[in-house]
Structure formats: structure tokens, C-alpha cells
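Shown next, in C-alpha cells, is the structure this report addresses.
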Amino acid sequence: MTRIVVVGSINMDLVTQAPRFVGPGETILGERFLTVPGGKGANQAVAAARLGAAVALVGALGRDAFGDQLQGGLDREGIALEHVCRLDDEASGTASITVADGENQIIVVPAANARVTPAQVEQARILIARADAVLVQMEIPLDTVEATLRLGHRLGVPVILNPAPAQKLPAEWLKLARYVTPNQHELAILLGADPTEDFRMLMQRAPCPVVLTRGSDGAWYREQGEPVHQSGFHVDVVDSTGAGDTFNAALAVFLHEGLPAAVRKACAAAALSVGKLGAQGGMPGLREVETLLTRTG
Ligand code: RIB
């Protein structure tokens, strides 16, 4: 069984489905409200577990009602939570999400996620040493992201850095990642580059291997110096929240099959994930991914 360690955020997502996004000072009537589990770290952990991996999560929750619900949900997904701490003096992270026409707008309040420490990563050293891949995103403190990259690199375990939400990072850190997985906008921010620059040029200039996600247009990566495009799988979109997380999880789970196979499966899994409301609502199992790949040749 593939072993994955995820270092990242855990949020309660407060999701409002609306006919359109609101402007400043405007009030409209929404269609539906849901409180569902989310957070990039938790989403990636859940997606990897549904794809059949043994998953451990490193993170933090408040000792509050959201924290109890989130912990219970992750536990039911079979995710090892020994390295998720509960903080008595902090709230659990939240994300206020508006979904309109399959697109989303998100405001994250990190709360407990802002207190995931490098020491917690070090405490998970044995798990990380035994892992097939490690996933880390940027909704936790940057020194914890750096600690994860350094430890994975030192132990020879591939670390996939999903640079979301994006910030400019030192080239030295990026070189420690096996793959960095931005979208075009995130890649430009990460490199401190002009966002209108062609993404293929940006990928070439990056100091690390990049797997660039393009939503329904699939993904790009480089093989022997040449850009390769993996097409997206066309599906009806209900809610794209969590599609990037599903992509990253599948990439990590299938990395041992080689990059082209892993990216193809990651695109298929991400496509399946957008069919239901909520970040984790549509995340597929292994059989659903295999069925889509067989059906589409
Ligand atoms: O990637 C989607 C996630 O981003 C949501 O679940 C929300 O919690 C934010 O972290």
C-alpha cells in the first residue's frame, strides 16, 4: 500500500451556493448553505485515502465544536491523526466559500493552522522516512513548509509542494521539492514573475520540476526538457473547490508509476471531484478513476 504523509491545514468550509458573486456593499439571496470539512491539507489527505493510500496528517485543530467534527470526519476516512494537535487556546481554521456557476471565491482564517510547527514535522520523522511521498501546501507557516521540504530532501523522500495560496519562495526551497504544482497564476507569484508571461517560459525558468495545473484543460509538465500536455477530462462542474487538492493527492499516490501515468490519473481524479458540492464531496475512489480512464481510452 502506498504511504503518504500530508503536512497542512484543516478547515471547516462554510459554503454558500449563490446565483452569482456579490460586489462590495451588495446583498443578494443565496440558494444553499453547507458546513463541510475542508482545508488543503485535510482535503489532500482525504483524497489520497479514498484512492487507497495509507495516509497520516500533520496539522492542528482548535479544541472547539468544528475541531471535534473535523477530527471525527478524518478519523472515519481512516487517516492517522497522531500528529494532529488540539490547541486549547485557538479556534479551528475556517474558509468562507461562495460557489457560483461552478467557480468559487474563498476567504481562509487560518487560526490553529497558523500554529503548525516545524517541531511537529520533526516529530513525524519516522513516518516521513517510511513514506512514498509527502504533500505540503501553504496554508500553514512558511517555516513549517521549509522544514517539511528539508526533512523530505534529507531523507530522500519525494516532497510535492502545492504552492497555494501562492507567495514568492526562495529558489533554494523550491529546489528541495521533487515537484511543485502551481496553476499559472501561482507559478508567476512563486517566481516573482510577470503573470502575463507565457506559462511554458515560466516553467522553463523555474528552479524545480513543475507540474502546472490548468483546470479543465488538464496539466503540463516537462519530460527530457520538452513540455508535455495532459488533456483534461470533460465533466459537468458543480463545484471546483478541492479539485486541485484531489489532483495533488493522486499525483502523490501514483507517482511510483512514473510522471506521465501519475499526471493522467491526477487529471481524471480531479475531474471526478468537481461533480458534487463541497471540497471533499466529489473526491473519487480508485475504481471511479479507473472506470473513467478505461471509458476515455
Ligand atoms: O483547496 C480548497 C480548500 O481551500 C478549501 O477546502 C478551503 O478550506 C481552502 O483551504
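Any read-out appearing in this document is the output of simple, stated calculations on the displayed coordinates, not a laboratory observation. All of these numbers come straight from a predicted model, not from anything done at the bench. Neighbour counts run over all protein chains shown; Cβ positions are idealised from the backbone, glycine included.
Values computed for the structure shown
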read-out	value
Label-point gap, in nm, between Glu223 and Val235 - each point 7 angstrom along Cα→Cβ	2.4 nm
5 angstrom amide H check on Val22, placed H, neighbours 5+ away	none
Placed amide H near Arg222: partners under 5 Å, 5+ positions off or other chain	Val210, Val228
Residues in segment 155-190 that a label on Met201 would reach, taking backbone N under 18 Å of a point 7 Å out along Cα→Cβ	184-190
Gyration tensor (alpha-carbon) shape descriptor, segment 129-281, a/c threshold 1.5	rounded
Ala91 long-range amide H proximity, modeled H, under 5 Å	Ala112
Segment Ile28-Asp101, length gained on full extension (0.36 nm per residue, minus Cα span)	24.8 nm
Dipole of segment 173-244, positive end: most advanced residue of Pro209, Phe233, Trp173 [Cβ charges, Cα centre]	Trp173
Helical contribution to [θ] at 222 nm, DSSP H n ≥ 4, -39,500 (n - 2.57), averaged over the chain, rounded to 500	-10000 deg cm²/dmol
Set of lysines with alpha-carbon distance to Lys168 below 24 Å, sequence-local pairs under 8 removed	Lys40
Cα shape, the chain, gyration tensor, a/c 1.5 rule	rounded
Hz values of 3J(HN,Hα) by residue in segment 39-46 - Karplus curve (6.51, -1.76, 1.60), Gly and Pro given as x	x, 4, x, 4, 4, 5, 5, 5
Of Val22, Val253, Val274, the one that fluctuates the most in a GNM where the chain has Cα springs shorter than 10 Å	Val22
Mean separation of Cα contacts under 8 Å (6+ apart) over length of the chain, as relative contact order %	18 percent
In sequence order, calculated HN-Hα J values of segment 228-238 (Karplus, 6.51, -1.76, 1.60; Hz; x Gly/Pro)	10, 10, 9, 5, x, 9, 8, 9, 7, 9, 9
Residue with peak Gaussian network fluctuation, the chain [Cα springs, cutoff 10 Å], from Arg63, Arg214, Arg287	Arg287
Karplus-derived HN-Hα couplings along segment 271-280 (A = 6.51, B = -1.76, C = 1.60, θ = phi - 60°), whole Hz, x at Gly and Pro	4, 5, 5, 8, x, 10, 6, x, 4, 9
Local electrostatic count at Asp132 - Lys and Arg +1, Asp and Glu -1, tallied over other residues with Cβ under 15 Å	+3
Order by protection proxy (mean Cβ within 10 Å, highest first), peptides 216-224, 139-147, 49-57	49-57, 139-147, 216-224
Candidates Glu122, Glu77, Glu26: whichever shows maximal mean-square fluctuation once the chain is modelled as a Gaussian network with Cα springs under 10 Å	Glu26
Added length on full extension, which subtracts the Cα-Cα distance from 0.36 nm per residue, Ala193 to His153	11.8 nm
Relative contact order %, segment 104-226, counting alpha carbon pairs below 8 Å whose residues are six or more apart	18 percent
Contact order normalised by residue count of segment 240-287, Cα under 8 Å, 6+ apart, percent	40 percent
